[in-house]
1. Could you list, in sequence order, all residues of the stretch 92-112 that are farther than 13 Å from Leu19 by Cβ, open to solvent by 80 Å² or more (accessible area, probe 1.4 Å) and part of a helix (DSSP H, G or I)?
2. Out of (1) part of a strand (DSSP E or B); (2) open to solvent by less than 40 Å² (accessible area, probe 1.4 Å); (3) of a type outside the set (S, T, N, Q), the odd one out for Ile291 is which?
3. Given the options Ser322, Ser248, name the one that is outside any loop (DSSP other than H, G, I, E, B), polar (S, T, N, Q) and closer than 22 Å to Pro205 by Cβ.
4. Inspect all residues belonging to the stretch 494-508 and state whether any of them is assigned to a helix (DSSP H, G or I) and either in contact with a Gly (Cβ under 6 Å, 6 or more places away or on another chain) or β-branched (Val, Ile, Thr) (or both).
5. Suppose we filter Leu70, Leu43, Leu89 for residues that are closer than 30 Å to Tyr280 by Cβ and either crowded, with 19+ Cβ neighbours inside 10 Å or modelled with pLDDT under 90 (or both); which single one remains?
6. Assuming Leu148 fulfils every condition listed in (1) on the phi > 0 side of the Ramachandran plot; (2) out of contact with any strand residue (DSSP E or B) (no Cβ under 8 Å at 6 or more places or on another chain) apart from one, which condition is it?
7. Quick check: is even one residue across the stretch 219-234 within 25 Å of Asn263 (Cβ to Cβ) and charged (D, E, K, R)?
8. Check whether at least one residue in the stretch 261-272 is touching a strand residue (DSSP E or B) at 6+ places or on another chain (Cβ under 8 Å) and of a type in the set (Ser, Thr, Tyr), and report yes or no.
Amino acid sequence: MDNREVAAIFYEVADILDLQGVAFKPNAYRRAARSLEELEEDLSKMAAENRLTDIPGVGESVAKKIQEILRTGELSYLKKLRAQIPAGLLQILSVPDIGPKTAMLLYKELGIESLDQLKDAAKAHRLRDIKGFGEKSEEKVLQGIQTLESKGKRMLLGEAYPIASDVIGHLRSAASVDLASAGGSLRRGKETVGDIDILVGDESPKRVMDAFVSYPKVSEVLMKGPTKSSVLLKGGLQVDIRVVEPSSWGAALVYFTGSKDHNVVIRTLGVQKGLKLNEYGVFERDSGKKIAGATEEDVYRALGLRWMPPEMRENTGEVEASARDELPVLVEQHDIRGDLHVHTEWSDGVGSIESVLDSASARGYEYVAITDHSQSLKITNGLTADRLRNQVDKVHGAEEAGGGRITALAGSEVDIKPDGSLDFPSSVLKDLDIVIGSVHSRFKMSKEEMTKRLVTAIDSGWVDIIGHPTGRIIGERDPYEFDMEKVFSAARSSGVSMEVNSFPDRLDLKDAHCRLAKESKVKVAIGTDAHRTEQLDFIRFGVTTARRGWLGKADVLNTMSAKDFVAHLRRRRR
Ligand code: DGT
Ligand code: CA
Ligand code: CA
Ligand code: ZN
């Protein structure tokens, strides 16, 4: 059990005592809980050395309770308290802005003893009958419940990333912070994040903490300590912050970027070398002398390692590769010369062909592929053969009108039908510059059938890229089943690429599959699947996913120059 879990038990004790109207005691338990959270040392170690009462706010009675929790994993006192109140009341207490007095009032006046009952009452406008409640507070309660319900759920990287950037921007301007970075799963580029971790290197942590809790989108301050704090944002996302001395910046960044498994491996490596590694630095075990800490490079060097990109820090062989100086050079966003998957108003996108060309060239691209849906996908206003022929002319016309500023590739995201045939005949496909083949229906066929479907499409000779190859939607739809090895091997023989679809809820191929693709010598094509021009920025998440799959520039199709890429596509058309 870690310090935070023990603290949570005392917070709950305090909450129940509050509900019961007990004076003073709740605050005492809360003070103790806060100290436990902020404690840098491990509780079990302190307990073993009989030093629990050294902790501020922890007296004999709380110390005894801590001992019991560490020994048994629970607290009998809390069990006894829990039995004295309706279980749902505590949940109500966790709604932002509802304190113990209000919770008791709601219970006594309206008999509300669960979150569902509270929600119903607020929706039916029954709360406004209570003294001190009005329309506004009913709305607030509903919003609070929503926040609570989304709490603990993982968020898409693509949703969390802009929020983290905004919080960091706020710290830079409000507290003139210089060293600031996201850590945790967000910095590692994981497809979903549990919470946002932010690290700051600064001499005056108090100023940083004050600025942090005053971030306008904070809905609840969960904890505010001298060097670490946690808040809940409107919408339920948790943000943790930690401030360290600039001289520990690198060590703290390593520590809080994780992953936990990566940290365990490098710490063990340190121990073997007679070193101690923590969030403050690297120390010689015998002399206690600090030998590194200011930068990540220094910290890793002290351990005999090369700096590893955060996306690799998942303990999947990166430490060994680093020790042998065999780390791959990963693809970077600026290596991408063009977006290969973009929709327009011709199917289910919103922008014009011209607006896509403008936005792509504003992003420094040399080329962009217009790939609207094909005829079978009726709900997306998929293009018929006639409309597609018309669009091809328009795309080439727009390219000419642009005066060669950007190469516009006329393409299509062609449906792969259940039997593996394509949604357009070759007489239509032959006039396209680029073809993405995608599965959009009948996801539930057998593994054998789906494998055959994909291989048939690959073998047709018309497909350049298989779009979102596994079909998953994160948190909503599982990937369809197929034999990836067989499909990759067919793709390799035909020179077909696998897409890394960069849309935040797809990221398909995902990281591990990118690595498989590389092992199978299949190139990936990073595309955004943008349906509006701002979404061209999603490319960042596709690149991150490729990096998590250890891909280098040469493993990615669209790092080719326009000239080479066009020649490559023409060769395939023959
Ligand atoms: P998440 O938030 O579930 O998406 O995943 P992370 O990796 O962001 O995990 P989080 O937020 O619990 O902690 C952030 C980083 O702090 C984590 O990646 C590594 C470090 N860390 C947290 N707890 C521990 C721990 O008990 N031991 C070690 N070595 N590192 C830890
Ligand atoms: Ca995290
Ligand atoms: Ca965290
Ligand atoms: Zn699609």
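The values are calculated or read from the model by the stated rules, or taken from the named source; none is laboratory data. Treat the numbers as computed from the prediction; the structure is a model and nothing was measured. Every residue, glycine among them, receives a Cβ derived from its backbone with ideal geometry; neighbour counts consider all protein chains shown. Accessible surface is based on the protein model in full, side chains and every heavy atom, while ligands, DNA and RNA are left aside. Shrake-Rupley method; radii C 1.70, N 1.55, O 1.52, S 1.80 Å.
1. If the condition is that a residue be farther than 13 Å from Leu19 by Cβ, open to solvent by 80 Å² or more (accessible area, probe 1.4 Å) and part of a helix (DSSP H, G or I), then Glu109 is the only one that fits.
2. (2)
3. Working: Ser322 fails: closer than 22 Å to Pro205 by Cβ.
Answer to the selection: Ser248.
4. Filtering the stretch 494-508 for residues assigned to a helix (DSSP H, G or I) gives 494.
Checking which are either in contact with a Gly (Cβ under 6 Å, 6 or more places away or on another chain) or β-branched (Val, Ile, Thr) (or both) leaves us with none.
Looking through the stretch 494-508, none of the residues is assigned to a helix (DSSP H, G or I) and either in contact with a Gly (Cβ under 6 Å, 6 or more places away or on another chain) or β-branched (Val, Ile, Thr) (or both).
5. Values: Leu70 fails: either crowded, with 19+ Cβ neighbours inside 10 Å or modelled with pLDDT under 90 (or both); Leu89 fails: closer than 30 Å to Tyr280 by Cβ.
Only one candidate passes the filter, namely Leu43.
6. Result: Leu148 fails condition (1) only.
7. The first filter runs over the stretch 219-234 and keeps only residues within 25 Å of Asn263 (Cβ to Cβ), leaving 222-223, 225-231.
Filter once more, keeping what is charged (D, E, K, R): 228.
Within the stretch 219-234, one or more residues are within 25 Å of Asn263 (Cβ to Cβ) and charged (D, E, K, R).
8. Within the stretch 261-272, none of the residues are touching a strand residue (DSSP E or B) at 6+ places or on another chain (Cβ under 8 Å) and of a type in the set (Ser, Thr, Tyr).
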